[in-house]
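As structure tokens, the structure follows; a few thoughts come after it.
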């Protein structure tokens, strides 16, 4: 049976409670990368990307509507079906829109935004929330044969220019405003790099609610 390594906590559902306001989240599903619609395979390594832009999914996994606050989370899943060891690192995941590099949002900023919706969290609950998000974030990991790792990258949502010209807005939506992601992994035994992508993720509109 293949083993699965994830960055999420081991419980099925994490319920972080305070006397004033409950903070409840559900563990991200543990799936191997080849099951995702947006995936690529090179040399027995499969990479998948899952953009979490649905409001309901976002609240279920993060306890907050991050998109409304200008943050797009996407899950990166790496499955090693080969016999060599491979290493995956956050620095080898590059998001860009056109020629513009999109730097990840610091995890401290994501935590602050997520907890600001519940300003009266108990200090212990606050610490649990912080630990949960740090566990979610994509981290450097070495994968052995038949192992899978997943982690979340948080990036700024695109800022669309307002315009009364609907045609102009549609053309912009389907061109440079798409987020693209490139991923590289290093084969530690063969000492070479494997590149995946670009994965194209549709542009999203920030919610005004």
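The values are calculated or read from the model by the stated rules, or taken from the named source; none is laboratory data. Source: prediction; values computed, not measured. Cβ sites come from the backbone with ideal geometry, for glycine too, and all protein chains shown count toward neighbours.
When you look at residue 40, is it part of a strand (DSSP E or B), touching a strand residue (DSSP E or B) at 6+ places or on another chain (Cβ under 9 Å) and modelled with pLDDT under 95, yes or no?
no
Scanning segment 177-198 for residues that are crowded, with 16+ Cβ neighbours inside 10 Å and assigned to a loop (DSSP other than H, G, I, E, B), which turns out modelled with the lowest pLDDT?
Checked segment 177-198; the qualifying residue modelled with the lowest pLDDT is 177.
Using the structure shown, decide if residue 63 is on the phi > 0 side of the Ramachandran plot and surrounded by 15 or more Cβ atoms within 10 Å (Cβ to Cβ).
yes
With the condition being closer than 21 Å to residue 134 by Cα and under 14 Å from the mean Cα position of the chain (by Cα), I'd like the strands (runs of 3 or more DSSP E) fully within segment 44-115 carrying at least 2 qualifying residues.
Those strands (runs of 3 or more DSSP E) span 45-51, 71-80, 93-97.
Mind telling me which of the residues 105, 72, 78, 110 ends up being touching a strand residue (DSSP E or B) at 6+ places or on another chain (Cβ under 9 Å), in contact (Cβ under 8 Å) with a residue 12 or more places away in the chain, surrounded by 18 or more Cβ atoms within 10 Å (Cβ to Cβ) and over 17 Å from residue 155 (Cα atoms)?
78
List pairs: first residue in segment 119-135 and more than 22 Å from residue 151 (Cα to Cα), second residue surrounded by fewer than 16 Cβ atoms within 10 Å (Cβ to Cβ) anywhere in the structure, Cβ distance under 6 angstrom, at least six positions apart or on different chains.
From residues that are more than 22 Å from residue 151 (Cα to Cα), the pairs are 120/20; 120/21.
Scan segment 6-23 and tell me whether some residue there is under 25 Å from residue 71 (Cα atoms), assigned to a strand (DSSP E or B) and modelled with pLDDT of 55 or more.
So far as segment 6-23 goes, yes, one or more of its residues are under 25 Å from residue 71 (Cα atoms), assigned to a strand (DSSP E or B) and modelled with pLDDT of 55 or more.
Report yes if some residue within segment 43-55 is buried (at least 16 other Cβ atoms within 10 Å of the Cβ), farther than 20 Å from residue 202 by Cβ and modelled with pLDDT of 95 or more; otherwise report no.
yes
Within segment 123-152, which residues are buried (at least 16 other Cβ atoms within 10 Å of the Cβ) and outside any strand (DSSP E or B)?
125, 126, 128, 129, 130, 132, 133, 135, 136, 138
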